[in-house]
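What follows is a single structure, written as structure tokens, with notes after it.
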Amino acid sequence: MLAKLAYAVGKDPAHATDRDWFVATALAVRDCAIDHWTASKARNQAAQKQVCYLSLEFLIGRLLFDILNNLRLTESAREALAGLGIDLDNLRAIEPDAALGNGGLGRLAACFMESMASLQVPAYGYGIRYEHGLFRQVIMDGRQHEVPEDWLAYTNPWEFERSDVIYPVGFGGTVEDIQANGSPVAVWRPAETVQAVAYDTPVVGWRGRHVNSLRLWSARAAEPLRLDAFNSGDHIGALADRARLEAISRVLYPGDASEAGRELRLRQEFFFTSASLQDLLARHLRLHGDLRSLPDWAALQLNDTHPSIAVAELMRLLVDEHSLPWEEAWTITTGTLNYTNHTLMPEALERWPVSLMERLLPRHLQIIYRINWQHLEPLVYRSADNEFIKSVSIIDEGSGRYVRMGHLAFIGAHKVNGVSALHTSLMRQTVFKDLHALYPARIVNKTNGITFRRWLHQANPGLTRLLVGELGDGVLDDPEVLIQLDRLADDAAFQNLFRNQRAASKANLVKVIAERTGVLVDPGALFDVHIKRIHEYKRQLLNILETVALYDAIRAEPERDWVPRGKIFAGKAAASYHRAKLIIKLANDVAKVVNADPVVAGRLKVVFLPNYNVSLAETIIPAADLSEQISTAGMEASGTGNMKLALNGALTIGTLDGANIEIRECVGSENIFIFGLTAGEIEARRQVGMNQCRVDVSPRLERALGLIGSGAFSPDEPHRFESLVHAVRSDDPLMVAADFDSYWTAQRGVDALWANPFAWWRASVLNTARVGWFSSDRTIREYADGIWKLPV
Ligand code: 26V
């Protein structure tokens, strides 16, 4: 550490800041991973099929404890630093989060990378090295403001720039058909070319047994500046091209939906997909010499449709650049690619205007047309129904012409998967119904998981020590060992120890809340936690309405023995998503009034914690008593926060949506609070048409809506929340009114269980005991077995 401080950071201990110590420590720890990394690469090359995980997002968070923990070095590092008068936990807090993702999809990619390394699955993660990750959320006067994030400002000690690994990526231009050896060949002449430069980060697996690489691409202009322009005096113009090209890897798109029509986004997608495929083919040729064996040696996973241009780009590389016949190239492509779908919401399904595709990727559009024709031709010949043909076509001609990226990915893939049992079955019944009829074996389910190393061992070391004490070291290696806790669920002494761990985490969270918001939450209160992106379908509004109704009820009968609650919200809204931002304002306005009201003091506190990110999640989750998973049924593909919270012993209050259904199967229906309409019931209502079966707004909900709508929480602007209230009262598309009463009743069931500590802590222990199945190690084994055909 001292040597790193001196020779890599260039400081002596007398002048070193905590940041200097962090960098020195990280570099020393990184050294410990390098030999494992080199050995792993040698093993990979030997004779193993490799996974390429293509993802526009990797929501990694901090890496110091990930690597220390997986190398089993945490305690020795702590001691070594203590000897130098440095506290490891202080250094931990200095590392900026690598926030190269928006939410669940990006975090899943990070969990999968960790699990693949831990299971010794040879894998490359491929993505973009954004200079600026997801914005920092600042709350001012209760409203969200976005501040640019700058994670690379003080160097990134984990990465290696590979200046020798560079690929050209073209855009625009023309396609010329020429004859070569008597056969036609398409030659794409791009109008401009940008270079993709590789940056590698080691991904250290459990006990250091295996280390994979996360390879992120950075955009660099081939020409640093146009000398002719510079020499003729146009100094700014000489640099303009460079700035424009390098903008590709400048910033993560902060929407959590695809935003078709944004050219830069399509450039990002093609940029990293093309570079990754070129890298894969170069490696394959080096090792195996013949591209026809690609499917035997590589399995590619497309994380959502963002990299789905890979279908056309792999065809282009094989046919145009490597001169393979079309049919052979198609066999290779469909034998190698796989696609994971993460949402069925129509607004979120990616489609690109044909005109944009034609301008930016003219050769790819030709290839897409040919793929589409080879896919539709048999249907046309057998005179299939016209509506059916339209619905399975890659080109959407409904109004305007668009390329449907989900269809492209589906048709080009060997397997297509959903991320929970319900979501996969809805894929078969809705968005991909007709494609599923054509390719009935293609859709498979792979229910999401989370890495227990980060979400239990690192985030909750106290609970982990308790578990190791009771169950032995094996619980660190095999999540299924947790099931042995079942027998301790009724043991009052164990319950007490379990409870003490929660109390310690709550005390810590109370401190963090006080520091960041000034609100003092009673550590003895039930911590009711709703943490995730702010989205209407996730129904933070339903929770706020219940909060207001509870506030109203406490004020009406302050003498009753109410269960004290802390309602804790956190999450970011997309910068342009006005209704989501208004929900944040409402949560803050309600918090202000409730927290200042002496009548409810000691019974109800409401908190909105700013800037939710991976690190804040690691602080909140171990302290949660109740986990809010209350999306409108059928809309949350899986959820993964639900798994993290249950693993740490929080009871779930939730709808029958996403993986909540499978969580209920594992923990038992008596250890979870389920409420609300099912996806099937909601679908039936929609069929009838909303008007015929409008729910009555119950008196309790009516009062809550009335308070919000009349400005009780926004006296400075009484109509501020009118639009939110109006939506619930009128067509209620997200079933907030329809589910309110059943949610209220479920919440009172929560109160009743809390009032019986033995029963509560029994259920809490059983949650931790029974969710071993949600380890991402299990998920990765299923991908390896069912999709990648790889031994694990
Ligand atoms: C985006 C949008 C945008 C427009 C409005 C609606 C909407 C809904 C969802 C999305 C998310 C896009 C993809 C995504 O992040 N999906 C998430 O993937 C997680 C990992 O599989 C999963 O746990 C979440 O349920 C799913 O929302």
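The values are calculated or read from the model by the stated rules, or taken from the named source; none is laboratory data. What you are looking at is a predicted structure, and each value in this text was computed from that prediction instead of being measured. Because the Cβ atoms are built from the backbone with ideal geometry, glycine has one as well, and the counts that use them run over all protein chains shown. Heavy atoms of the whole protein, side chains included, go into the accessibility calculation; ligands, DNA and RNA do not. Shrake-Rupley method; radii C 1.70, N 1.55, O 1.52, S 1.80 Å.
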So how many residues does region 428-456 have that are open to solvent by less than 20 Å² (accessible area, probe 1.4 Å) and either away from the ligand (no atom under 15 Å from the Cβ) or among the aliphatic types (A, V, I, L, M) (or both)?
8
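Is there a residue in region 361-377 that is modelled with pLDDT of 95 or more, assigned to a helix (DSSP H, G or I) and over 20 Å from GLY412 (Cβ atoms)?
Scanning region 361-377, I find no residue that is modelled with pLDDT of 95 or more, assigned to a helix (DSSP H, G or I) and over 20 Å from GLY412 (Cβ atoms), so the answer is no.
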Selection status of GLU636, more than 16 Å from the ligand (Cβ to nearest atom) and open to solvent by 20 Å² or more (accessible area, probe 1.4 Å)
no
If the requirement is being open to solvent by 70 Å² or more (accessible area, probe 1.4 Å) and among the hydrophobic types (A, V, I, L, M, F, W, C), which of these qualifies: ALA3, ALA14?
ALA14
Give region 562-587 a look and list any residue that's without any contact (Cβ under 8 Å) to a residue 60 or more places away in the chain, within 16 Å of the ligand (Cβ to nearest atom) and either in contact with a helix residue (DSSP H, G or I) (Cβ under 8 Å, 6 or more places away or on another chain) or open to solvent by less than 10 Å² (accessible area, probe 1.4 Å) (or both), or say none.
GLY571, ALA580
Within region 685-701, residues being modelled with pLDDT of 75 or more, out of contact with any Leu (no Cβ under 9 Å at 6 or more places or on another chain) and surrounded by 15 or more Cβ atoms within 10 Å (Cβ to Cβ) number 1
Does SER425 meet the test of being within 16 Å of the ligand (Cβ to nearest atom), within 24 Å of GLU683 (Cα to Cα) and of a type outside the set (D, E, K, R)?
yes
Answer residue from region 267-285, given it is surrounded by 24 or more Cβ atoms within 10 Å (Cβ to Cβ) and among the polar types (S, T, N, Q) and is farthest from GLN301 (Cα to Cα) among those:
GLN268
Within region 298-347, restricting to residues that are of a type in the set (D, E, K, R) and part of a helix (DSSP H, G or I), the one that is modelled with the lowest pLDDT is GLU347
If you check HIS423 against the conditions, is it over 21 Å from ASN372 (Cβ atoms) and part of a helix (DSSP H, G or I)?
yes
Could you check region 173-200 and list, in sequence order, the residues that are modelled with pLDDT under 95 and surrounded by 12 or more Cβ atoms within 10 Å (Cβ to Cβ)?
VAL185
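Looking only at region 146-154, decide whether some residue is at pLDDT below 95 and open to solvent by 10 Å² or more (accessible area, probe 1.4 Å). It would help to see each step written out before you state the result.
Looking only at region 146-154, we keep the residues that are at pLDDT below 95, and these are 154.
Restricting the remaining residues to those that are open to solvent by 10 Å² or more (accessible area, probe 1.4 Å) gives 154.
Yes, there is a match, as at least one residue in region 146-154 is at pLDDT below 95 and open to solvent by 10 Å² or more (accessible area, probe 1.4 Å).
Might you check whether a residue that is more than 16 Å from the ligand (Cβ to nearest atom) and more than 13 Å from VAL29 (Cα to Cα) occurs anywhere in region 99-115?
No; the residues of region 99-115 include none that is more than 16 Å from the ligand (Cβ to nearest atom) and more than 13 Å from VAL29 (Cα to Cα).
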Can you list residue pairs whose Cβ atoms sit under 9 Å apart, with the first residue in region 513-537 being closer than 25 Å to ASP751 by Cβ and among the basic types (Lys, Arg) and the second being open to solvent by less than 50 Å² (accessible area, probe 1.4 Å) and more than 16 Å from the ligand (Cβ to nearest atom)? Count only pairs 6 or more apart in sequence or on different chains.
LYS532/ALA570
In region 318-352, which residues are open to solvent by less than 10 Å² (accessible area, probe 1.4 Å) and more than 15 Å from the ligand (Cβ to nearest atom)?
LEU318, ALA329, ILE332, THR333, THR336, LEU337, TRP352
Which of the residues spanning region 596-613 are farther than 22 Å from GLY104 by Cα, in contact with a helix residue (DSSP H, G or I) (Cβ under 9 Å, 6 or more places away or on another chain) and not in a loop (DSSP other than H, G, I, E, B)?
VAL599, VAL600, LEU604, LYS605, VAL606, VAL607
List, please: which pairs have Cβ atoms under 7 Å, are six or more places apart or on different chains, and start with a residue in region 416-431 that is at positive phi and end with one that is within 13 Å of the ligand (Cβ to nearest atom) and open to solvent by less than 50 Å² (accessible area, probe 1.4 Å)?
none
Scan region 397-427 residue by residue and report those that are of a type outside the set (Ser, Thr, Tyr) and surrounded by fewer than 18 Cβ atoms within 10 Å (Cβ to Cβ).
GLU397, GLY398, GLY400, ARG401, ALA421
Looking only at region 658-679, filter to residues that are crowded, with 20+ Cβ neighbours inside 10 Å and in a loop (DSSP other than H, G, I, E, B); which one of those is nearest to the ligand (Cβ to nearest atom)?
GLY658
Checking ALA596 against (1) more than 16 Å from the ligand (Cβ to nearest atom); (2) among the small types (Gly, Ala, Ser); (3) open to solvent by less than 20 Å² (accessible area, probe 1.4 Å), which test does it fail?
(3)
Residue check for ILE554: β-branched (Val, Ile, Thr) and over 18 Å from GLY255 (Cβ atoms)
yes
Would you check if TRP206 is aromatic (Phe, Trp, Tyr) and in contact with a Ser or Thr (Cβ under 6 Å, 6 or more places away or on another chain)?
yes
Determine whether region 353-372 contains at least one residue that is open to solvent by 30 Å² or more (accessible area, probe 1.4 Å), aromatic (Phe, Trp, Tyr) and at negative phi.
yes
List every residue pair whose Cβ atoms lie under 9 Å apart, where the two residues are 6 or more positions apart in sequence or sit on different chains, the first residue falls within region 644-668 and is of a type in the set (Phe, Trp, Tyr), and the second residue, located anywhere, is away from the ligand (no atom under 14 Å from the Cβ).
none
Determine whether ALA299 is touching a Ser or Thr at 6+ places or on another chain (Cβ under 8 Å), under 30 Å from SER631 (Cβ atoms) and either of a type in the set (Gly, Ala, Ser) or more than 16 Å from the ligand (Cβ to nearest atom) (or both).
no
Name the single residue that is most open to solvent (accessible area, probe 1.4 Å) among those in region 88-106 being within 22 Å of SER218 (Cβ to Cβ) and in a helix (DSSP H, G or I).
LEU105
Can you tell me which residues in region 192-240 are in contact (Cβ under 8 Å) with a residue 24 or more places away in the chain and not in a strand (DSSP E or B)?
GLY205, TRP206, ARG207, GLY208, ARG209, HIS210, ALA222
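When you look at ARG72, is it under 25 Å from the mean Cα position of the chain (by Cα), basic (Lys, Arg) and under 30 Å from ASN642 (Cα atoms), yes or no?
Numbers: under 25 Å from the mean Cα position of the chain (by Cα): no; basic (Lys, Arg): yes; under 30 Å from ASN642 (Cα atoms): yes.
Against the criterion (under 25 Å from the mean Cα position of the chain (by Cα), basic (Lys, Arg) and under 30 Å from ASN642 (Cα atoms)), ARG72 does not qualify.
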Does PHE58 satisfy the condition of being of a type in the set (A, V, I, L, M, F, W, C) and either open to solvent by 70 Å² or more (accessible area, probe 1.4 Å) or touching a Gly at 6+ places or on another chain (Cβ under 6 Å) (or both)?
yes
Verdict on LEU541 being more than 19 Å from the chain's Cα centre (by Cα) and either within 16 Å of the ligand (Cβ to nearest atom) or polar (S, T, N, Q) (or both)
yes
